[in-house]
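The values are calculated or read from the model by the stated rules, or taken from the named source; none is laboratory data. These numbers come from a predicted model, not from an experiment. Don't worry about glycine lacking a Cβ; one is built from the backbone with ideal geometry, like all the others, and counts go over all protein chains shown. Ligands, DNA and RNA are stripped out before the accessible areas are found, and what is left, the full protein with its side chains, is counted by its heavy atoms. Shrake-Rupley method; radii C 1.70, N 1.55, O 1.52, S 1.80 Å.
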Amino acid sequence: MKLGIVGLPNVGKSTLFNALTSAGAEVANYPFCTIEPNVGVVAVKDDRLVKLAALYNCRKIVYATVEFVDIAGLVKGASHGEGLGNKFLSHIREVDAIVHVVRCFDDADITHVDGSVDPVRDIETINTELILADLETLSKKIDRTKTAMKSGDKKYIPELEALEKVYKALGEGVSLRALDLTEEESQYIAPLYLLSGKKVIYVANVSEDETGGNAYVDKVKEYAAAEGSEVIVLSAKIEAELQELSPEDKQMFMEELGLDTSGLDKLIKTSYDALGLMSFLTAGEKETRAWTIPKGTKAPQAAGKIHTDFERGFIRAEVVDYDTLIECGSFNAAKEKGKVRSEGKDYVFREGDVVLFRFNV
């Protein structure tokens, strides 16, 4: 999973990136401090793997990972190249989802490119640039499709109708992700990798004493709800401070602040949900591991996540849910109690399935 962190300059993007990845990206109080995108890979915390490793006496644990890309601050006019905008927009095209950091705090010592704090205006500034870039992409595709239609081939008619429908909506300021397209329409639009179609998770960056929210956050939530997006409220400054503490001190500090989970954990969980992802688990003496797959994945394709040979020679999957396995104490014990299921090619994987694949190549 690859997440692109975007936002206007000086909203806390790079501070959040540093907190999430401990990667030490440069943080400064001026626009375009981040020109080339910083990239950090973060292990997805999963206590289940630790317990499984103990169960199997396994020393090697491989967590699922999330790749965060810190993309430079966008500004008005980015779609036309302002502030190296075209270059920055190309980085967004490569990510699975957008983490849009929005400033929701007042601080006279931190400059704002528009001179005041207004989260909805800031969101719309970036969304507008994404839409303008998409309109340019669509315009070129529409022209090519019309040229192809000059031969009299009617197969292009539904494609042109889908393209023009989306172009009209975007021209009215509606992001692609907010449109209700048919499956056929989506098939025509998907190959264009339009920016405004990316799933968005809004991160409302608040001050240290407003982690419960404020009036700015309420406006962000209202805006996000209208387009079906999620909002996470956190203080990038607190998240940065947490990363400098030992696990014990971190837990104590979070309890003092009334936080039950870190911003990173909230962001990863929300990202998994937004992208329709889940994890299945494998365990053994050599390695215990979490594998990320789309929800609805069937057994052979899940096996293929491990190795193409597993998918090609798939015979069956021996499956037990995590809680049952822990309760039984071992895979063999679970099998003796009839808790391990033998699943075929049509089995749809569930979150937390612990699996042993049988295959033949």
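Per-structure values
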read-out	value
Selection from region 305-320 of residues that are in a strand (DSSP E or B), open to solvent by 60 Å² or more (accessible area, probe 1.4 Å) and not hydrophobic (A, V, I, L, M, F, W, C)	R316
Where a residue in region 39-59 is among the acidic types (D, E) and its partner, wherever it lies, is open to solvent by less than 60 Å² (accessible area, probe 1.4 Å), with Cβ under 9 Å and at least six apart	D46/I61; D46/A64; D46/S279; D46/L281; D46/A290
Pick from region 321-361, criterion among the charged types (D, E, K, R), assigned to a strand (DSSP E or B) and open to solvent by 30 Å² or more (accessible area, probe 1.4 Å), ranking: nearest to A283 (Cα to Cα)	D321
Failed condition for L245, given (1) in contact with a helix residue (DSSP H, G or I) (Cβ under 8 Å, 6 or more places away or on another chain); (2) assigned to a helix (DSSP H, G or I)	(2)
Matching residues in region 216-227 - criterion: being more than 17 Å from G12 (Cβ to Cβ), open to solvent by less than 60 Å² (accessible area, probe 1.4 Å) and not aromatic (F, W, Y)	A224, E227
Any chance S246 is modelled with pLDDT under 90 and open to solvent by less than 70 Å² (accessible area, probe 1.4 Å)	yes
Selection status of E230, farther than 30 Å from G329 by Cβ, open to solvent by 70 Å² or more (accessible area, probe 1.4 Å) and touching a strand residue (DSSP E or B) at 6+ places or on another chain (Cβ under 7 Å)	yes
Residue among I126, I110, I98 that is surrounded by 13 or more Cβ atoms within 10 Å (Cβ to Cβ), touching a His at 6+ places or on another chain (Cβ under 8 Å) and of a type in the set (A, V, I, L, M)	I126
In region 248-272, the residues that are basic (K, R) and either touching a Leu at 6+ places or on another chain (Cβ under 8 Å) or not in a helix (DSSP H, G or I) (or both)	K250, K266
Scope region 154-185; condition open to solvent by 60 Å² or more (accessible area, probe 1.4 Å) and of a type in the set (D, E); matching residues	E161, E164, E172, D180, E183, E184
Residue among K305, K266, K298 that is at pLDDT 95 or above and under 25 Å from the mean Cα position of the chain (by Cα)	K298
Of residues in region 189-215 being farther than 26 Å from V117 by Cβ and within 20 Å of the chain's Cα centre (by Cα), the one surrounded by the most Cβ atoms within 10 Å (Cβ to Cβ)	L194
Options A178, A169: the member that is touching a residue at least 12 places away in the same chain (Cβ under 8 Å), closer than 25 Å to H91 by Cα and of a type in the set (G, A, S)	A178
Condition check for G276: at positive phi and within 25 Å of the chain's Cα centre (by Cα)	yes
